[in-house]
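To start, the structure itself, in structure tokens.
The values are calculated or read from the model by the stated rules, or taken from the named source; none is laboratory data. As the structure is a prediction and not an experimental result, all values here were calculated from the model. Note: ideal-geometry Cβ built from the backbone for every residue, glycine included; neighbour counts use all protein chains shown.
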Amino acid sequence: MARRSTKTPPPDDFEERILDIDVVDEMQGSFLEYAYSVIYSRALPDARDGMKPVHRRIVYQMNEMGLRPDRGYVKCARVVGEVMGKLHPHGDASIYDALVRMAQPFSMRLPLVDGHGNFGSLGNDDPPAAMRYTECRMADATSLMTESIDEDTVDFTPNYDGQEQEPVALPAAYPNLLVNGASGIAVGMATNMPPHNLGEVIAAARHLIRHPGADLETLMRYVPGPDLPTGGRIVGLSGIRDAYETGRGTFKIRATVAVETVTARRKGLVVTELPFAVGPEKVIAKIKDLVGSKKLQGIADVKDLTDRAHGLRLVIEIKNGFVPEAVLEQLYKLTPMEESFGINNVALVDGQPLTLGLKELLEVYLDHRFNVVRRRSEFRRSKKRDRLHLVDGLLVALIDIDEVIQLIRSSDNSAQAKERLMGRFGLSDIQTQYILDTPLRRLTKFDRIELESERDRLNREIEELTRVLESDAELRKLVSNELAAVAKKFGTERRTVLLESAGAPAATVPLQVADDPCRVMLSSTGLLARTPNGNPFEDADGRRVKHDVVVSSVPATARGEVGAVTSSGRLLRLSVIDLPQLPESTLSPNLAGGAPLSEFLPLEADERVVCLTTLDESSPGLALGTEQGVVKRVLPDYPSNKDELEVITLKEGDRIVGAVELRTGDEDLVFITDDAQLLRFQASVVRPQGRPAGGMAGIKLAEGAKVISFTAVDPSADAVVFTVAGSRGTLDDSVQTTAKLTPFDQYPRKGRATGGVRCQRFLKGEDCLSFAWAGATPARAAQKNGSPTELPEIDPRRDGSGVSLGKPVGVVAGPPA
């Protein structure tokens, strides 16, 4: 079936009119209209209140809805619907996006919306929740933007359909454009303005009120640069000055980074502030991409430890052997941890887009504020004059209230009463009507006193408002005082640090740690560290601190290896670069900045490290002494492809009690047993053996005795022997009775595998040595927890008894070799 046409034919008298229009002219006109609409009604902020139309409509509509800071939250969808239906005939997505940004503390220096719910994250890594889930209300500072808007302070214009009225600009009690900044892309132009500190901007505005001719240099004393919500560091201030002078300029923003020890084995870069509008996920993704493509070296791991309690914390672990400062310079160069911000201060002034400097921005705002306060004062004076007119009429009636009542009662109707009152008392039409509408309960003596007080107050207020309106100085003073009150209530400390330059570039520092000489040290509490080549045992002022007893120390290089000899006869390789380095500025006999052995070596439950050793093949080797009196010398034949070696085959139940790396091979080896026997003999009498060998007899032990100390002493050096007597029945070996410090030369050399000589006489209650040590002076002692303690005075008697100790001694060590 054919479809019938529904077109209505033209009437008979229809005259066809066709206009010939050049397509170039039509396109030009249409494009200009579109461009003007985008510039004026969408993308550029007004220089007076610093808002684009969508932001202004959101704030105004929230104020109309009564969503003040002291009220409850409402769904954002409700606000978006009200704004879209009454003022902003565009998509809800654009309205909600603008509302979300106004609630983000990392986007705005002084947020205008108090949001409840997920409003997104820095860098939009976590997008905001849908508007049906989030809630909002006006922030505390937003009320200042709409304050006195109902007092004829700003002009209103019809909305898109003419059924509603909306403000052309908000009263704006503070310079919102400078405080919160703005960004937008129009047709043929764009704006990009950074946020500033509220207190600094208001201080500059108040100075400009007092000194209208102030130059830019003076204003920049108050506003030295932007103050970004996310903090960071602005590097280079010349671009900022250009922007404040011409409206255009560029500056660089750097992340705030600190070099910290993030684990016992590694240092790291801890990022606590990122450049404006840069999120951690963007930085992490870029770092991983650069590491994967091998364009960035030295990064071991990246962790985002950000939480609500501590804020942003991005930890970038640095591989051992790389200089953190040099890696940081690479991060600044290759990642968003350093970003450029191009200032383009384009805003609307009287409907025209202009590029404004700092002074011009402040002047436009102040002119607007002067106009707002002037119109507000006129409105208030008019309202108070109207009220004073009514109060004066009522007071006239109260003077002769009886006659007033009589006139009213004798009148035929209200119109006659009104006419008679006006003729009798000389009242105006408004005053007479007010008297007729006043209830009788207002005609008491007390109300007359109140009316007289109100009349006097109104006269004073009208006089004050008149003074403001008639004096430009008073008007400026009022605006300045109001700005000062805003700064006092809402001002905060500066977050962004301004730097004239980035300082000396770290590019001159090698990326990797140089293989410089250093010293690896082991403290009595099991802490490992490396120090620059030197003797950290020396302490100029002689103070003692915790962890200052170094039980083993060997020279090394930063990228080399050393060995750790354990009580079970193992030698474990240790990479020097993995060890924490003590800074040179804190070099002292103190390893508190070291890391525990367990972080570097896989030790068994009952295994401990007895000494450190170099892996130098030219060394005379190691000397080992065991609990069962075995001695052994091991030459440094350590295969480089093995991380774990056996340096002695121990008998069942035996363990190493002491080990030392010989320096010359001419040292004396010293055994001390728990039954107070000391044997001293030359190391040269011990024949070096292979690593699997079990050693040879070192000291002859009495029945039930065992070795508690084995050391090596240079016979040419000053040395001492320290012993502590105790009781075998005491379970806690930290409880000691007497101790003795004796010169080492009091003990003669004896042959190897002999019983030695007595080194301390036991007193009543003592039957063994609980601790013993022999070594070079000066010697230092400490408790087991590393706290320092003092040694007794030297006793020249080889086999004398000891003296009481103030604190128990857990370890003694001489100076590092």
Odd one out for Gln431 among (1) touching a residue at least 40 places away in the same chain (Cβ under 8 Å); (2) touching a Lys or Arg at 6+ places or on another chain (Cβ under 7 Å); (3) of a type in the set (S, T, N, Q): (2)
I need every pair where a residue in the range 121-137 that is more than 16 Å from Ile95 (Cα to Cα) has its Cβ under 6 Å from the Cβ of a residue that is of a type in the set (A, V, I, L, M, F, W, C) and in a loop (DSSP other than H, G, I, E, B), sequence separation at least 6 or different chains. Leu122/Phe106; Gly123/Val278
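Conditions tested, residue by residue: (1) hydroxyl-bearing (Ser, Thr, Tyr); (2) over 26 Å from the mean Cα position of the chain (by Cα).
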residue: Ala98; (1), (2): no, yes
residue: Pro111; (1), (2): no, no
residue: His116; (1), (2): no, no
residue: Met131; (1), (2): no, yes
residue: Thr142; (1), (2): yes, yes
residue: Thr146; (1), (2): yes, yes
residue: Phe156; (1), (2): no, yes
residue: Glu164; (1), (2): no, yes
residue: Ala169; (1), (2): no, yes
Which one of these does Asp114 not meet: (1) assigned to a helix (DSSP H, G or I); (2) within 30 Å of Leu362 (Cα to Cα); (3) charged (D, E, K, R)? (1)
Go through the range 299-339 and report how many residues are touching a residue at least 40 places away in the same chain (Cβ under 8 Å), among the β-branched types (Val, Ile, Thr) and either surrounded by fewer than 20 Cβ atoms within 10 Å (Cβ to Cβ) or not in a strand (DSSP E or B) (or both). 4
Looking at Asp92, Asp125, Asp114, which one is charged (D, E, K, R), touching a helix residue (DSSP H, G or I) at 6+ places or on another chain (Cβ under 6 Å) and either within 14 Å of Ile58 (Cβ to Cβ) or modelled with pLDDT of 95 or more (or both)? Asp92
Residue by residue through the range 623-643, note down the ones that are crowded, with 21+ Cβ neighbours inside 10 Å and either assigned to a loop (DSSP other than H, G, I, E, B) or within 50 Å of the chain's Cα centre (by Cα) (or both). Glu627, Gly629
Using the structure shown, decide if Phe710 is under 59 Å from the mean Cα position of the chain (by Cα) and of a type in the set (Phe, Trp, Tyr). yes
Mind checking whether some residue in the range 442-465 is of a type in the set (Lys, Arg), modelled with pLDDT of 85 or more, in contact with a Gly (Cβ under 8 Å, 6 or more places away or on another chain) and surrounded by 14 or more Cβ atoms within 10 Å (Cβ to Cβ)? no
Of the residues Ala659, Ala683, Ala702, only one is aliphatic (A, V, I, L, M), in the same structural domain as Arg758 (by TED's automatic domain parsing) and surrounded by fewer than 18 Cβ atoms within 10 Å (Cβ to Cβ); which? Ala702
Looking at the range 372-411, which of the residues that are in a helix (DSSP H, G or I) and of a type in the set (S, T, N, Q) is surrounded by the fewest Cβ atoms within 10 Å (Cβ to Cβ)? Gln406
Does at least one position in the range 164-184 carry a residue that is in the same structural domain as Arg68 (by TED's automatic domain parsing), of a type outside the set (Phe, Trp, Tyr), over 23 Å from Val113 (Cα atoms) and not in a helix (DSSP H, G or I)? yes
When you scan the range 187-197, do you find a residue that is in contact with a strand residue (DSSP E or B) (Cβ under 7 Å, 6 or more places away or on another chain), assigned to a loop (DSSP other than H, G, I, E, B) and in contact (Cβ under 8 Å) with a residue 12 or more places away in the chain, even just one? yes
Provide a single number: the residues in the range 171-205 that are among the β-branched types (Val, Ile, Thr), closer than 19 Å to Ser107 by Cα and either buried (at least 23 other Cβ atoms within 10 Å of the Cβ) or touching a Lys or Arg at 6+ places or on another chain (Cβ under 8 Å) (or both). 3
Tell me the residue from Thr711, Thr737 that is buried (at least 23 other Cβ atoms within 10 Å of the Cβ) and among the polar types (S, T, N, Q), please. Thr711
What residue, of Glu627, Glu667, Glu644, Glu661, is under 19 Å from Ala702 (Cα atoms), touching a residue at least 40 places away in the same chain (Cβ under 8 Å) and among the charged types (D, E, K, R)? Glu627
Every residue from the range 593-620 that is touching a residue at least 60 places away in the same chain (Cβ under 8 Å) and within 19 Å of Arg559 (Cα to Cα): Gly594, Ala595, Leu597, Glu599, Phe600, Leu612, Thr614
Which residue out of Pro778, Pro748, Pro796 is loosely packed, with under 15 Cβ neighbours inside 10 Å, part of a loop (DSSP other than H, G, I, E, B), touching a helix residue (DSSP H, G or I) at 6+ places or on another chain (Cβ under 8 Å) and in contact (Cβ under 8 Å) with a residue 24 or more places away in the chain? Pro796
Can you name every one of the strands (runs of 3 or more DSSP E) wholly within the range 488-598 that holds 2 or more residues which are at pLDDT 90 or above and under 30 Å from Leu144 (Cβ atoms)? 497-499
Can you confirm whether the range 206-222 contains a residue that is under 30 Å from Gly594 (Cα atoms) and touching a residue at least 40 places away in the same chain (Cβ under 8 Å)? no
Just a yes or no: is a residue in the range 603-617 at pLDDT below 85 and either assigned to a loop (DSSP other than H, G, I, E, B) or under 12 Å from Gly694 (Cα atoms) (or both)? yes
